[in-house]
1. Which value, in debye to the nearest 20, describes the size of the charge dipole of the chain about its Cα centre when Lys and Arg Cβ atoms bear +1, Asp and Glu Cβ atoms bear -1, and nothing else is charged?
2. Calculate, in nm to one decimal, what Asp97 and Arg67 gain on full extension: separation in residues at 0.36 nm each, minus their alpha carbon distance.
3. Specify the residue with the greatest mean-square fluctuation among Gly86, Gly38, Gly20, computed from a Gaussian network of the chain linking alpha-carbon atoms under 10 Å apart.
4. Quick one: compute the contact order of the chain, relative version, from alpha carbon pairs under 8 angstrom and 6+ residues apart, as a percent.
5. Subtracting the Cα-Cα distance from 0.36 nm times the residue separation, let me have the gained length for Val49 to Arg81 in nm, one decimal.
6. Could you pull out the longest piece of the chain with no exposed loop chymotrypsin sites (Phe, Trp or Tyr not before Pro) in it, calling a site exposed if DSSP puts it outside H, G, I, E, B and it has at most 14 other Cβ atoms within 10 Å?
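Throughout, read-outs are computed from the coordinates displayed, never taken from laboratory work. Predicted model, so just to flag it, every value in this text is computed and none were measured. Positions of Cβ are generated from backbone atoms using ideal geometry, with glycine treated the same way; all protein chains shown enter the neighbour counts.
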Amino acid sequence: MTTDTHADMTVVATGGFNTGRLYTANGQRIWWSQRGDGWLYFVDRDRMVSGWIDRNPALVVVGRPVRPDWVMLRYDGGQYRFYAPGQTEPNPTPPADFDYGAPLNI
């Protein structure tokens, strides 16, 4: 996970994880990127699904980390959008060599 101090629509943190679900030989790899205004973008590398989750900006101020189970609860429940409010640039892209770590069995 990377973290930086910026405001509003700039990226303040990125990370990822492997759910351990057996959708592909690689499992289910999820990468995320968080904006300073609280919106979080996720990419499911294996199922080719992506979207924006509205994350309460108060949680960003407190500095709580992004938890894999939090992301998956919203993803699995369809609580995400294709575009985030105020979005003017393309969606973030996960690095090709990102290490998703060991499967978590979420």
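1. Working: 10 positive and 11 negative charges, 55 e Å.
So the dipole magnitude of the chain works out to roughly 260 debye.
2. Going from the current span to full extension adds 8.7 nm.
3. The residue with the greatest mean-square fluctuation here is Gly86.
4. Dividing the mean separation by the residue count of the chain yields 27 percent.
5. Values: separation 32, 0.36 × 32 = 11.52 nm, distance 1.10 nm.
Result: 10.4 nm gained on full extension.
6. No qualifying site falls inside 24-81, the longest such stretch.
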